[in-house]
C-alpha cells in the first residue's frame, strides 16, 4: 500500500484557497482555510462548505440487498423507505463496532452505504464477506463520488438558488437524486455539524463546478469554505461520536450509549445478524450495570482536555477523555469521556481531568453540548 | 509571510527582540502561529520567574493541540502580555506585534539564535 496521501477532485482548488492541508485517513484534506473558529461560527450562524470526498461509498444492490444489509449491519434496514437514510453501525461477531455508517436507500433494491474514510476498506471487506449466499452485489464506489457538504442555517436558501429539486419536501435523513448547479447529484439532508444542511454526492469531474457554484451562491449570506478542524469541533458540540475516539472495536453500540441503533426486531435476519448474540448480552449488561458511560465534560478553567487524558475523582482514575477541544460556541473547553457509572450523572461533584499532571475541575453534563433551535 | 529583520529567532519558532535597557521581548513567529491554528489559551511565565534558554516556560493551547513555549533567552521575566492572556487570538493576528508573549531581563545573551534570513530558510517559509 502506498504511503502517498490521496487527493480529492478539489485538491487544486483547496490549494488556491490557501488551505492548510492535513493527512487524514490516507487523504490529503483541508484542515482549515483561515481561522477554524471563524469557520465553526460560520456554520453555526450562516453556512459552511466542506469537501468530504474522503468518505467511502459502497453500493449494495440486488433483490436481496435489504436482507444482506439486515444480516451485515445492526439496524433494521427493511424499515428504510426509498429516498430515506438511516444512521447505523457494522459490528464484529463479538459486538465490537467496526464502523458507524449512513445507509441511503436509493431505489427499491439499491442502497448506498457511506463509511468513514479510515474504515472504508474494512467495511467493504466485511460486506463482501457477509454477502455470501445473498442475491446481492457489493460494489466499491469510493472513486465514483466526490462529496460536498453545505451546512448551516443558510444552507437551504443557498442550495435552493442552484437547484429545482424539492428541498422543502426533503426531510432530515432523506436523499433524492436531482440536478444541482447543472450537475447530477444525490442530494441528502444529512450532516455532522448539528446544523441543518445537505450532503451532495456527485461525480468527481463535476465537483469543481458544484463547489464554485455553491461558493458564489453562498457568498452573499456569508458561506465560507470549512476544513476538518471545525468539522471536529462542530460534531463534538453536537455530541456526535467519531470513530477511533468514541467508537472502537473494543466497544459495542450499547457501551457507547448508542444501543438504540441496534434493532433486534428486524424485518429479516433478526436472529442471525452479525453480532446478535454478543449484542443481546451487551444490551442486558448496559441495562443492569453499565461499567462506564459516555458523558460530556465542561471545563471550569481554560486548559483543554485531549483524547487519552484521564478523568479523575479524588485522585482516582474513573474514566478517559475520548475527544476534547475548545468549544467556540460555549467559549470553554469541552470533552466527551467514558466515565465510571458512579461518577457519570450530570452534576456529579469533584470530577476533574488530569491535564499534564494538574487535576483541572470539570462539570459533568448530558450530551449534546449544543442543540440547534428549530 | 516575512520575518522581521530586526528580530532573532530560535529553532523552536520563538522570536527575540533586540535588548533595550537590558530587557528583550519574546513571542512566537507567524510560521508557528499558523501551524498552531487559533490559539485559545496562553499560559505565560509569571513576572519574577527565571527562564532558561531552550527550556519550557509556558504553553499555548490551540484547537487541535497544546504546545510548549520555550524561552529563547535566559533571564528574569519582567512582564507578561496580559492582552494575550485576555485575548489569545492576538498571537494569530499579530504574532510579531500585539501578540508578543513576555519580556525578560536578559541574564546571558544567547549565542545560537538565527537571523531572519536563516530562520526563513529553516522554517521553509
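Every read-out reported here was derived from the displayed coordinates using simple, explicitly stated rules and does not represent laboratory data. These numbers were taken from a predicted model, which means no experiment stands behind them. Cβ: placed from backbone, ideal geometry, glycine included. Neighbour counts: every protein chain shown.
Annotations for the structure displayed:
- Choice from A:352, A:157, A:331 showing the highest fluctuation, given a GNM over chain A with Cα pairs closer than 10 Å: A:331
- Whole-angstrom gap from region A:247-287 to region B:11-56, using each part's C-alpha centre: 52 Å
- Hypothetical label at residue A:248: residues of region A:342-374 whose amide nitrogen lies under 18 Å (7 Å Cα-Cβ projection): A:354
- Value of relative contact order over chain A, rounded to a whole percent, pairs C-alpha under 8 Å and six or more apart: 18 percent
- Here the peptides B:90-97, A:108-115 are ranked by packing, the mean other Cβ count within 10 Å, and the order with the highest first is A:108-115, B:90-97.
- A:180, A:43, B:26 arranged by Cβ crowding within 10 Å, fewest neighbours leading: A:180, B:26, A:43
- Additional length obtainable on full extension of the chain from residue A:289 to residue A:79, 0.36 nm per residue less Cα span: 72.5 nm
- By the beta-carbon count within 10 Å of each Cβ, the least crowded to most crowded order of A:99, A:164, A:38, B:68, fewest first, is A:164, B:68, A:38, A:99.
- Counting every other Cβ atom within 10 Å of each residue's Cβ, A:17, A:68, B:44 order from fewest to most as A:17, B:44, A:68.
- Global geometry of region A:292-374, whether rounded, prolate or oblate, following the gyration tensor of its Cα atoms and the 1.5 cut on a/c: oblate
- Whole-Å distance, taken between Cα centres, linking region A:107-164 and region A:1-64: 15 Å
- Computed log10 I(q)/I(0) for the protein assembly as shown at 0.07, 0.12 Å⁻¹: -0.44, -1.13, from the Debye equation with unit scatterers placed on every C-alpha and solvent omitted.
- Relative contact order [Cα under 8 Å, 6+ residues apart], region A:292-374, whole percent: 37 percent
- Volume per residue that the Cα convex hull of region A:156-236 spans, once the total is divided by residue count, Å³: 93 Å³
- Region A:1-153, relative contact order [Cα under 8 Å, separation at least 6], %: 29 percent
- With 5 Å bins from 0: P(r) over region B:8-108, alpha-carbon pairs, percent: 3, 15, 28, 28, 18, 7, 1, 0
- The label-point distance for residue A:15 and residue B:2, in a model that sets each label 7 Å from Cα toward Cβ, rounds to 2.6 nm.
- For the segment B:58-71, counting C-beta atoms of other chains within 10 Å of every residue's C-beta and taking the mean gives 4.
- Each part gets one Cα centre, and for region B:77-125 versus region A:202-238 those centres are 35 Å apart.
- Once the Cα-Cα distance is subtracted from the 0.36 nm per residue extended length, the residue A:320 to residue A:270 segment shows a gain of 14.6 nm.
- Label-to-label distance for residue B:108 and residue A:135 is 8.4 nm, based on points extended 7 Å past Cα in the beta-carbon direction.
- For region A:69-119: span of alpha carbons on each principal axis (Å, largest first): 31, 22, 14
- Full extension of the chain between residue B:59 and residue B:47 gives 2.8 nm of extra length, using 0.36 nm per residue less the Cα-Cα distance.
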